[in-house]
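Participant: Structure below; questions to follow.
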Amino acid sequence: MTRMLFLNLPVTDVAKTRAFFGGIGFTFNEQFSDDETASMVLSDQAIVMFLSHAKFQGFLASGFEAATGQIEVLAAVSAESRDEVDRVCDAALASGGTSWREPEDHGYMYGRSFRDPDGHVWEVVWMDPSAIEG
């Protein structure tokens with residue numbers, strides 16, 4: 001069975017978040033997007049739901065506290081090449097994101113990371129396919 005992943009992240013401003021990730025090159029599913037939700041498509045099997053704080057709170061049984069300097073999740077997204085890692089991260093920085101860590105180059109794996117406007121950490125990683133073949 002193929003499983004899908006839905007990552008739900010609270011954001012302060014859905015329109016700003018959508019503009020930020022759209023500027024990097026990601027697309028959105030309009031069927032599941034509105035003023036309080038942006039449904040960003042990573043692949044057929046992975047969706048990121050950016051939710052206003054109020055909408056996010058509606059899914060919780062207890063209270064919600066926005067991240068204030070603490071990292072609650074590291075979201076890692078694969079890239080098809082080293083060049084794509086750089087393209088995505090450079091676009092994120094040009095769109096108002098901030099650098100999180102220095103690039104990591106292990107030869108067979110290359111990655112960079114950034115923080116989005118709400119401070120969520122995103123890692124973009126390329127791995128040489130021959131390094132992961134069994």
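Participant: I'd like to check one number: the per residue accessible area of the stretch 73-133, probe 1.4 Å, reported in Å² as a whole number.
Facilitator: 55
Participant: Keeping the other protein chains in place, figure out the carbon and sulfur percent of the accessible area of the stretch 1-58, with a 1.4 Å probe.
Facilitator: Values: 1810 of 3390 Å².
Carbon and sulfur atoms account for 53 percent of the accessible area of the stretch 1-58.
Participant: Another question, then. How much area per residue is accessible in the stretch 1-58 when the probe is 1.4 Å and only protein heavy atoms are counted (Å²)?
Facilitator: On the way: 3390 Å² over 58 residues.
Heavy-atom accessible area per residue stands at 58 Å².
Participant: Okay, moving on. Looking at the chain only, what percent of DSSP beta bridges run antiparallel? Nearest 5 please.
Facilitator: Details: 20 of 32 bridges.
Percent antiparallel among DSSP bridges in the chain is about 60.
Participant: Using helices alone, I'd like the mean residue ellipticity at 222 nm for the chain: each DSSP H run of four-plus residues gives -39500 (n - 2.57), total over residue count, nearest 500. Walk me through the numbers on the way to the answer.
Facilitator: Numbers: 4 runs with 33 residues, N = 134.
Helices in the chain give a 222 nm mean residue ellipticity of -6500 deg cm²/dmol.
The values are calculated or read from the model by the stated rules, or taken from the named source; none is laboratory data. Since the model is a prediction, treat every value here as computed from it, not as a measurement. Ligands, DNA and RNA are stripped out before the accessible areas are found, and what is left, the full protein with its side chains, is counted by its heavy atoms. Shrake-Rupley method; radii C 1.70, N 1.55, O 1.52, S 1.80 Å.
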